Amino acid sequence: MTAISVQKLVKEYPRPDGGVLRAVDDISFTVEQGRIFGLLGPNGAGKSTTIKVLTTLLPPTSGTVLINGFDVVTRSLQVRNNLCVVLQENAVEVFLTVRHNFLTFGRFHGLSAAQVEKKMGRVVELFGLQEVLNQKPIDLSGGLKRRVQVAKMFLVDKPVVILDEATTGMDTFNKRATVNAIREEAQTGRTIILTTHMLEEAEELCDSIAIINHGRIVAGGTMDEVKKMGLQMFYLTLKFNEIGKELQELVQKFAPVKLDIVDNQVSVTVREHHTALNILSLAESTGALKHFEITTASLEDVFVELIDRKRAQEGR
Amino acid sequence: MRNVMAVVYRDALIRLTSLTWLFFDMAVPLLYLLMFGVGFNKAVGMGVTMDGAAVAYNDFFLAGVLSMSCFGSAINQSYGFFVDRDNGIFYEFLTYPMTRGELLLGKMLFQCIMALAQTALTLTAAVWLLNVPLNITLLPLTILGVMAGIAGWFFALSIVAFRIRRNDTFNTVINVAYFVLMFVSSMFYPLDAVPLWLKYLSYANPLTWHTDVLRYLTVGIGSGVVILAESAGFLLFLLVSFWFAQQALKKAA
Ligand SMILES: Nc1ncnc2c1ncn2[C@@H]1O[C@H](COP(=O)(O)OP(=O)(O)OP(=O)(O)O)[C@@H](O)[C@H]1O
Ligand SMILES: [Mg+2]
């Protein structure tokens with residue numbers, strides 16, 4: 001079942017000079033129920049604007065957005081009934097205790113105090129909030145406030161969860177907890193859309209992604225598809241006891257994307273799997289190879305490459 | 001209704017965290033009444049003349065106090081939108097499964113509940129301390145009138161709060177507007193005694209309509225037909241404000 005369908009979405013903001021800014025420019029994607037979808041892109045790409053349309057905060061300029069089959073324009077109340085969201089901006093009741101934050105949030109989503117209390121234990125443990133349950137967020141650190149905001153999503157079981165850079169400001173430990181919680185929720189059948197700057201987070205979590213820049217999708221598909229768009233790269237790091245002069249020439253013959261030799265360390269970037277292996281066996285044959293490492297392209301590299309390509313295409 | 005009550009519950013929790021706020025909320029109309037009442041009552045001496053009859057200033061001014069505190073409560077409650085916006089929770093509210101109207105109604109209802117206590121205090125003080133001859137039979141209507149006043153002004157001020165996104169600008173605009181509205185109304189003086197231009201202007205002011213209705217309900221001053229027209233006028237003002245407030249809220253994100 002398709003949980004989220006975005007078709008030809010356009011969102012324009014008025015500009016002070018009387019013109020318009022097209023923050024989202026003809027974006028389409030769908031997310032199946034129970035899947036995790038990532039929206040990636042640099043600052044100002046249009047991620048949050050897309051999220052705001054999905055959550056009925058802003059009406060689309062044109063295009064159609066359906067959440068569990070409900071149109072965000074004509075059935076906005078039903079749409080809100082089907083989702084909960086962590087907005088990019090902080091959103092906590094700073095004057096209420098963390099416990100009361102949970103109770104009010106639950107009540108707004110139709111849960112009684114008893115129902116919230118029942119679920120609170122697990123959520124509090126998951127996000128390490130035991131100590132601060134009776135404190136007010138006005139007295140808490142930024143990362144803790146964010147944890148309170150994110151934790152609320154796991155109290156209710158709305159079918160669609162939307163997370164706009166949810167882990168911003170969290171330390172590594174809590175990022176991990178959040179990532180794990182998100183994955184668990186997806187396994188129970190909840191559909192998740194997230195935006196992130198943490199590329200390894202998307203890589204780790206998402207079933208599919210869309211990379212957007214200037215409001216347009218520059219690449220999209222399943223994680224594997226995106227990686228295979230001729231963007232695949234292998235990074236070899238080779239450490240030698242000593243390096244002979246001929247090695248540089250030999251490696252150059254493989255026409256690597258990039259080659260750096262510093263002291264006794266060679267760093268090579270190549271596109272093909274077999275090229276990487278051939279270079280490695282060449283290195284081994286010198287008898288002086290001390291240490292090697294091969295890593296594949298991270299989403300970050302894919303992302304930089306895509307944006308570079310796009311720029312080249314646009315002649316910039 | 002469940003959603004409206006969720007808003008009331010939330011606002012109640014917030015208000016209870018600040019006893020100072022709660023105290024002043026309750027005490028302000030009382031202070032108005034005692035300060036203006038005692039002061040002006042002395043200064044004006046034999047009171048004001050309404051429809052040819054002399055009326056003690058305290059009796060006259062009670063309705064002014066009530067309508068003033070409705071306006072004050074509405075300012076406080078609409079200012080809350082700026083606080084919620086600063087905390088970001090305002091935007092999250094807009095993603096909760098409730099209509100924009102329910103959010104506004106919940107906020108209004110909470111303020112009305114607060115007003116019940118406020119009004120009870122004010123009326124008790126008026127009767128016991130200032131000997132105002134309060135019409136007890138019309139008391140339920142007086143309470144309804146107070147609630148309508150809060151609703152009308154809260155919706156109207158919310159429109160301003162949603163359109164003006166800066167709280168400093170909001171404060172300035174509302175302060176000036178409040179001052180002008182009070183001056184051009186029947187809150188402090190009978191309109192028979194003022195220049196004609198001011199009288200006409202005052203009758204175009206919902207604050208006058210509201211005050212006049214409350215004055216009729218509390219101490220029986222005013223003519224039935226005019227009061228009926230003013231009630232209808234204020235009700236219309238309330239409904240139109242509610243409609244525009246919902247529209248403004250839809251564009252507030
Ligand atoms: N309310 C607004 N009015 C006018 N322009 C806006 C508004 N909100 C966003 N924009 C503009 O729209 C574009 C997209 O912004 P958006 O917040 O969607 O980006 P983003 O991808 O979420 O960026 P970030 O990674 O920084 O959060 C930007 O150019 C931004 O300046
Ligand atoms: Mg953003």
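The values are calculated or read from the model by the stated rules, or taken from the named source; none is laboratory data. Only a predicted model underlies this, so the values are computations on that prediction, with no experimental measurement involved. Virtual Cβ from ideal backbone geometry, glycine too; neighbours counted across all protein chains shown. Heavy atoms of the whole protein, side chains included, go into the accessibility calculation; ligands, DNA and RNA do not. Shrake-Rupley method; radii C 1.70, N 1.55, O 1.52, S 1.80 Å.
Below is a table of values for the structure above.
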quantity: Cβ-Cβ under 6 Å pairs, at least 6 apart or on other chains, segment A:42-54 side within 14 Å of chain B (Cβ to nearest Cβ), far side within 6 Å of ligand 1 (Cβ to nearest atom); calculated: A:SER48/A:GLN88; A:THR49/A:ALA23
quantity: Residues of segment A:157-216 classified as open to solvent by 10 Å² or more (accessible area, probe 1.4 Å), within 14 Å of chain B (Cβ to nearest Cβ), more than 16 Å from ligand 2 (Cβ to nearest atom) and out of contact with any His (no Cβ under 8 Å at 6 or more places or on another chain), total; calculated: 2
quantity: Output for segment B:73-83, where each listed residue is facing chain A (nearest Cβ under 9 Å) and either small (Gly, Ala, Ser) or crowded, with 19+ Cβ neighbours inside 10 Å (or both); calculated: none
quantity: Condition broken by A:ASP71, with the remaining ones in (1) within 13 Å of ligand 1 (Cβ to nearest atom); (2) closer than 26 Å to B:MET98 by Cα satisfied; calculated: (1)
quantity: Subset of segment A:268-282 (residues that are at pLDDT 90 or above and in contact with a Phe, Trp or Tyr (Cβ under 7 Å, 6 or more places away or on another chain)); calculated: A:THR275, A:ALA276, A:ASN278, A:ILE279, A:LEU280
quantity: Residues that are open to solvent by less than 50 Å² (accessible area, probe 1.4 Å) and not in a helix (DSSP H, G or I), drawn from segment B:196-233; calculated: B:ASN205, B:GLY220, B:ILE221, B:GLY222
quantity: Every residue from segment A:156-204 that is touching an Asp or Glu at 6+ places or on another chain (Cβ under 9 Å), over 21 Å from A:THR50 (Cα atoms) and acidic (Asp, Glu); calculated: A:ASP157, A:GLU185, A:GLU200
quantity: Some residue of segment B:21-30 being out of contact with any strand residue (DSSP E or B) (no Cβ under 6 Å at 6 or more places or on another chain) and within 14 Å of chain A (Cβ to nearest Cβ); calculated: yes
quantity: Boolean, B:ARG15 is surrounded by 13 or more Cβ atoms within 10 Å (Cβ to Cβ) and within 10 Å of chain A (Cβ to nearest Cβ); calculated: yes
quantity: Residues of segment A:44-100 satisfying the condition of being open to solvent by less than 60 Å² (accessible area, probe 1.4 Å), closer than 17 Å to B:ASN87 by Cα and within 16 Å of ligand 2 (Cβ to nearest atom); calculated: A:LEU57, A:VAL85, A:VAL86, A:LEU87, A:ALA91
quantity: Tally of residues being closer than 18 Å to B:GLU102 by Cα, facing chain B (nearest Cβ under 8 Å) and assigned to a loop (DSSP other than H, G, I, E, B) across segment A:83-117; calculated: 2
quantity: Candidates A:ILE27, A:ILE4 - the one that is within 16 Å of ligand 2 (Cβ to nearest atom) and surrounded by 18 or more Cβ atoms within 10 Å (Cβ to Cβ); calculated: A:ILE27
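Table: residues versus (1) among the acidic types (Asp, Glu); (2) outside the structural domain of A:GLN149 (by TED's automatic domain parsing); (3) touching a Lys or Arg at 6+ places or on another chain (Cβ under 6 Å).
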residue	(1), (2), (3)
A:PRO60	no, no, yes
A:LEU66	no, no, no
A:ASP71	yes, no, no
A:GLN88	no, no, no
A:GLU93	yes, no, no
A:THR97	no, no, yes
A:PHE108	no, no, no
